[in-house]
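Working notes, structure below.
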Amino acid sequence: MTETRATRSGIPAAEGTYPPTEAMLAEPVPAELQRAQAERLRAAWAAPKGWRYWSAVNNTEVGVWYCMTAFVFMLMAGIMALIIRLQLAVPENDLISADRFNQLFTMHGSAMMFLFSVPLFEAISILLLPGLLGARDMPFPRLSAYGYWCFLIGGVFVIGSIFFDVAPRSGWFMYPPLATKDEGMGSDIWLLGLSFIEVASIAAAVELIVGTLKCRPPGMRVNVMPLYAWYVLVVGGMILFAFPPLIAGDFLFELERSFDWPFFDPERGGDPMLWQHLFWIFGHPEVYIIFLPSIAIAAMIIPTVARRPIVGYSWIVLSAVGTGFLSFGLWVHHMFATGLPSISLGFFSAASEAVVIPTGIQLFAFLATLMLGKVRVTLPMLWITGALAIFTMGGLTGVMLALAPFDFQAHDSYFVVAHLHYTLFGGMIFPVVAGVYYFFPFFRKKLLSERLGRWSFWLTFSGFNLCFLPMHLTGLFGMPRRIYAYPAGLGWDGLNMISTVGAFVIAAGFAVLAWDIVRPKGRQPQIPRNPWDAGTLEWSHDVPGESWGVRSIPHVTTRYPLWDQPGMLARMDSGRYYLPDAEEGRRETLLTSVIDAEPVQVQRVTGPTWITHLAAFFTGGAFIFPTFHWYPPAIVSGILAVACIIWWLWRDTARPPEDETKDVGLGLRLPTYASGPASAGWWAIWITMLGDATAFASVIFGFFFYWTARPDFPPDGAAHADGTLVALACAGFALSWAMTIGARELNRRGAVGAARLGLGLGPLLAIAASAALLGSVWTLAPTSHVYPAILWAIAVWVVAHSIVAVIMQAYCLAGSIFGKLTPRYDADLWNSTLFWHFHALAALVACAVLGLAPRLL
Amino acid sequence: MTDRHTPEKDSAEFAAEAGSLWRITFAPATWAGHFLLCYTLFATGCAKGWPVGTVRHGLIGMSVLALAVIALIGWRAYAQWSPRSTGRIVNPRGDAEDRHHFLGHAGFLLAVISFIGVVFVTLPLLLLEGCR
């Protein structure tokens, strides 16, 4: 597939020998050359020094900041939990006010989910994935950095609100009408702050998916890639389908909060249930988005401690992919008590039971590996053992709760609190801490303390069970979750006291862990390079550390190359494999084909910069100012953010290369430029737009949800969108799309003038179409009823995307005029056309819903 | 590293799935489509007062169809895995042949789990009636 596209554009395909022969690999590299190459590589990849250090984009730097930031947010959310437990320790306590209590439990849940669990997956993957894949870095290092700075700004903003007594206080799932009617800005902080972070999450998902598909080392076919990479692929895909419904929900919710458009207000035709659906379509897969990458860490540790390959590799792939799918069929089990028809509950109950099968399979595969291997109970293994025990408990109460009749009894009680903490501690915290102990030598080139680690484990494990095991009973005795105080004598007193004591024991365990991580380790002797005798590629890292990722990119043909390919490590170190040099002093990595990882391209990778900080700062402004209803500065921030991103793309991405091909070593020459499906950027757009299309589909789902759920939708005699203007908009978008496609084809055939004409007319048509679309709903009053409101929302969505689409056309036009985009080097135009495919489809669907649906329904 | 294939030979022999991981997701996607159909049709039918008996029987028919589709996908994936003819159940080698069989194995297992998933989701259709 990739070759044909590359050839059509005139860019030469890969040429030379592949795969390398044994004779080529056996040929030594002269020592002098090795030294010179290493010197050049080191210079190209060095992280900046001094205060410029913070402009670094290397995955090893950004990944560590990301992890540490998420860890700090976790500790803060943990302290909130301790205050909650103190308040509940004794009956009729008045340690804190009810309002403060509401803020604390809302922020505890929100921070643990949005500021710790999901970002930590991204952080660990950014840090780890290039190592696992023997890659130099992620394909888009600046995107990781931008995502990190967005996360930091948004996280500080959201969690900081608790210090000003304005934190959100309606629970982490923000149910309307409580959250929509809530006075103060708490709900806005939640909606806007977390939307901002969700955008960063999607950016990371794009990066990780493209990294896994295109940056594997030559030869690492899909059946030999590390299981962690499979999980990253699945979880990245899940993020693309799970987060957008929440973003769409946030969009509607914030329109209601800011402009009084009544999406969730039943008095004006809205329906609070829509929020519950959108939230849990996100919220349940979210649980697996947290769980799968953590269990992926277990899948890396277990073969190492068992000293044998994993048992049932295909079975684990099955369980990861299967869980990924099934987890989208569970969302209504959070809504069993909302009065839906019992047969609907039945479907979700059945799917909730079915998901146990793939989840169980992977645990059994782990147990089988341990049974067949010679296990050494190292510290990481100890934590994995704890994880398996606790997660199994949580899984079993999950099976109970998936049964609707039981859930009716236990709903919103402490039984649910116990269940969710068992699954999240067992499915996330324990495996992640195991990963911290296991991978710390890889991250920091130091070992954590065995003694402190055992202390931490036993404190956390026993404290956890002390805290949460009694909660099952507290819940069955009838204590609802989220209550601020309770009367004495209901049988809850002692159980609550035990839970509070347990919470502090957990805190002690985490304090030991935190100390072990931050304590100075300067006097520790240099660690061995592969301290656990693992077989996967990340343990080919350099000790002391180097920032080049790998010295040369190996040819990998086994699942555990360090065990099964003797001599590989020495060859990597001597620069015998691919890309051993950085002759031009620029950062480069190898792109390979999706299935079989055949080398296809040398990709220039971007280096240190401040533009990502500026872009993140202004993006933050665009999200944060609206919480204060300061719209003009928000709009200015948004414009500046777009300007920064354009500047960054224009200067440093998809520039025509000096040479068309480059010698990458071992007798192979690879092209230095690709456009269309052969390029990493095209895949990134494709994946982003898949997520964007999901968000748009969620808004459209809202329209049809109102139609099914409400008898007065559309209300009798309601004014509809203007049919003529909708038809004009439809034609305008279709023509602008055609102009873009035409420009791409003409440009490739060398008709540059005609292509420029298309790129000049396209934006005009798109602007006219957007004006027509807005005009079609202009006379409708969105505050009067949900029907005009949802029509407006759809129009606003499409027009906002049109702005991006027009910028892309103009960007390509400018590129063509200033020589960045030529008939041969046309990646920008391919990417813009791809965006336009999605945008045109969305616009046509929007026109159909605005123009046709009300007349047909 | 002993059994090396040239790319030309590989692409000729196992060109079928080149460039695409999608095929292993066909069976679970069928499950997802069936699941969504069951949920949305019933929810809409109950809200709009459609004859739910007809909806229910139609959906049971859809279940049979979904199971047949998944069985077909699973059978083809099994043929691609071909554990009997090759005598090898696992495919850990980094060559095109093992990748080919591996994708068959993964597809087959996903078809099995999807089949079970459709059976599970069909049970409420068989056991419950009406919109209450």
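With labels modelled as points extended 7 Å from the Cα through the Cβ direction, what inter-label distance (nm, one decimal) is found for residue A:455 paired with residue A:629?
For the pair residue A:455/residue A:629, the computed spacing is 5.3 nm.
Would you mind calculating the gained length between residue A:617 and residue A:375 on full extension (0.36 nm times residue separation, minus the Cα-Cα distance), in nm to one decimal?
The span from residue A:617 to residue A:375 would gain 82.2 nm if fully extended.
So what are the ³J(HN,Hα) numbers for the range A:73-84, from phi and the Karplus equation (6.51, -1.76, 1.60; θ = phi - 60°), rounded to whole Hz, Gly and Pro as x?
4, 5, 4, 5, 5, x, 5, 4, 4, 5, 5, 4
With the dipole of the range A:175-227 worked out from charges on the C-beta (+1 for Lys and Arg, -1 for Asp and Glu) around the Cα centre, which of A:176, A:211, A:195 lies farthest toward the positive end?
A:211
Determine ³J(HN,Hα), in whole Hz, for all residues of the range A:706-723 in sequence, where each value follows from phi through the Karplus function 6.51 cos²θ - 1.76 cosθ + 1.60 and θ = phi - 60°; x replaces Gly and Pro.
Result, ordered by residue: 4, 4, 6, 7, 10, x, 9, 10, x, x, 4, x, 5, 6, 9, 5, 5, x Hz.
Pairing rule first: another cysteine's C-beta must sit under 4.7 Å. Under that rule, which cysteines of the protein assembly as shown stay single?
A:67, A:150, A:215, A:467, A:644, A:812, B:38 - these cysteines have no disulfide-compatible partner (Cβ-Cβ under 4.7 Å) in the protein assembly as shown.
Under the rule a/c < 1.5 gives rounded, and otherwise a/b versus b/c splits prolate from oblate, where does the protein assembly as shown land using the Cα gyration tensor?
Here the protein assembly as shown falls in the rounded category.
Please state the charge dipole magnitude for chain A, taken about the Cα centre, from unit charges on C-beta atoms (+1 on K and R, -1 on D and E), reported in debye and rounded to the nearest 20.
Taking the Cα centre of chain A as origin, the dipole is about 1980 debye.
Would you be so kind as to identify which of A:721, A:262, A:502 lies farthest towards the positive end of the dipole of chain A, taking Lys and Arg as +1 and Asp and Glu as -1 on Cβ and the Cα centre as origin?
Projecting each Cα onto the dipole axis, the largest value belongs to A:502.
PRE reach from residue A:462 (point 7 Å along Cα→Cβ): which of the range A:478-513 fall under 19 Å by backbone N?
Only A:497-513 fall inside the zone, counting backbone N under 19 Å.
Hey, what do the phi angles of the range A:335-342 turn into as Karplus ³J(HN,Hα) couplings, whole Hz, using 6.51/-1.76/1.60 and θ = phi - 60°, x for Gly and Pro?
10, 4, 8, 9, x, 6, x, 5
Fully extended, how many nm does the chain gain between residue A:731 and residue A:32 (0.36 nm per residue separation, minus their Cα-Cα distance)? Please report the intermediate quantities before stating the final value.
Numbers: separation 699, 0.36 × 699 = 251.64 nm, distance 6.57 nm.
Using 0.36 nm per residue and subtracting the Cα-Cα distance, I get 245.1 nm.
Please give the FRET efficiency for residue A:543 paired with residue A:406, using the beta carbon to beta carbon distance and R0 = 60 Å, rounded to the nearest 0.05. Spell out each step's value before the answer.
Numbers: r = 53 Å, r/R0 = 0.88.
It comes to 0.70.
Among the listed pairs A:49/A:521; A:445/A:662; A:445/A:820; A:521/A:662; A:214/A:445, which are separated by more than 31 Å between their Cα atoms?
Correct reply: A:445/A:662; A:445/A:820; A:521/A:662.
Give the relative contact order (percent, whole number) for chain A; include only Cα pairs under 8 Å separated by 6+ residues.
The normalised contact order for chain A reaches 18 percent.
May I ask you to list the trypsin sites (Lys or Arg not before Pro) in the range A:520-602 that are in a DSSP loop and have at most 10 other Cβ atoms within 10 Å of their Cβ?
Values: sites: A:521, A:523, A:529, A:551, A:559, A:571, A:576, A:586, A:587; in loops: A:521, A:523, A:529, A:551, A:559, A:576, A:586, A:587.
Those satisfying the criteria are A:523.
Hey, with R₀ at 60 Å, roughly what FRET efficiency would residue A:852 and residue A:521 work out to, going by the Cβ-Cβ distance, to 0.05?
So the FRET efficiency works out to roughly 0.35.
Work from the charge dipole of the range A:679-856 (Cβ charges, +1 for Lys and Arg, -1 for Asp and Glu, about the Cα centre) and give the residue of A:733, A:795, A:759 farthest towards its positive end.
In the range A:679-856, that residue is A:759.
Taking 7 Å along the Cα-to-C-beta vector as the label spot, tell me the residue B:37-residue A:800 distance in nanometres, rounded to one decimal.
3.4
To the nearest 20 debye, what charge dipole does the range B:23-127 have about its Cα centre, counting +1 at the Cβ of each Lys and Arg and -1 at the Cβ of each Asp and Glu?
Values: 8 positive and 3 negative charges, 17 e Å.
Dipole size: approximately 80 debye.
Going 7 Å from the Cα of residue A:367 along its beta-carbon direction, which residues of the range A:276-296 have the amide nitrogen within less than 19 Å of the resulting point?
Counting only backbone N, you get A:295-296.
Determine the sum of side-chain charges near residue A:695: Lys and Arg each +1, Asp and Glu each -1, restricted to other residues whose C-beta is under 12 angstrom from that of residue A:695.
Charge balance in the 12 Å sphere: -3.
Can you pull out the trypsin sites (Lys or Arg not before Pro) in the range A:230-328 that DSSP calls coil and that have at most 13 other Cβ atoms within 10 Å?
Taking the range A:230-328 and a limit of 13 other Cβ atoms within 10 Å, no loop trypsin sites (Lys or Arg not before Pro) are found.
Please list, by residue number, every one of the chymotrypsin sites (Phe, Trp or Tyr not before Pro) in the range B:37-132 that is coil in DSSP and has at most 16 other beta-carbon atoms within 10 Å. Please list the in-between numbers first.
Details: sites: B:39, B:42, B:75, B:78, B:81, B:102, B:108, B:115, B:120; in loops: none.
Those that pass, being in a loop and sparsely packed, number zero.
Collect residues whose amide H, placed 1.01 Å from N in the peptide plane, falls under 5 Å from the amide H of residue A:592; neighbours closer than 5 in sequence don't count.
Amide H to amide H, under 5 Å and 5 or more residues apart or across chains, residue A:592 pairs with A:215, A:216, A:600.
Given R₀ = 45 Å, FRET efficiency for residue B:68-residue A:477 by Cβ-Cβ distance, to 0.05?
Between residue B:68 and residue A:477 the formula returns 0.35.
For the pair residue A:399 and residue B:22, how long in nm is the line joining their label points, each one 7 Å along Cα→Cβ?
With each label placed 7 Å out from Cα toward Cβ, I get 3.7 nm.
Every number here is computed from the coordinates shown, using simple stated rules; none is lab data. Fair warning: this is a prediction, and the values are worked out from it, not measured in the lab. Heads up, the Cβs are rebuilt from the backbone with ideal geometry, glycines too, and the neighbour counts pull from every protein chain shown.
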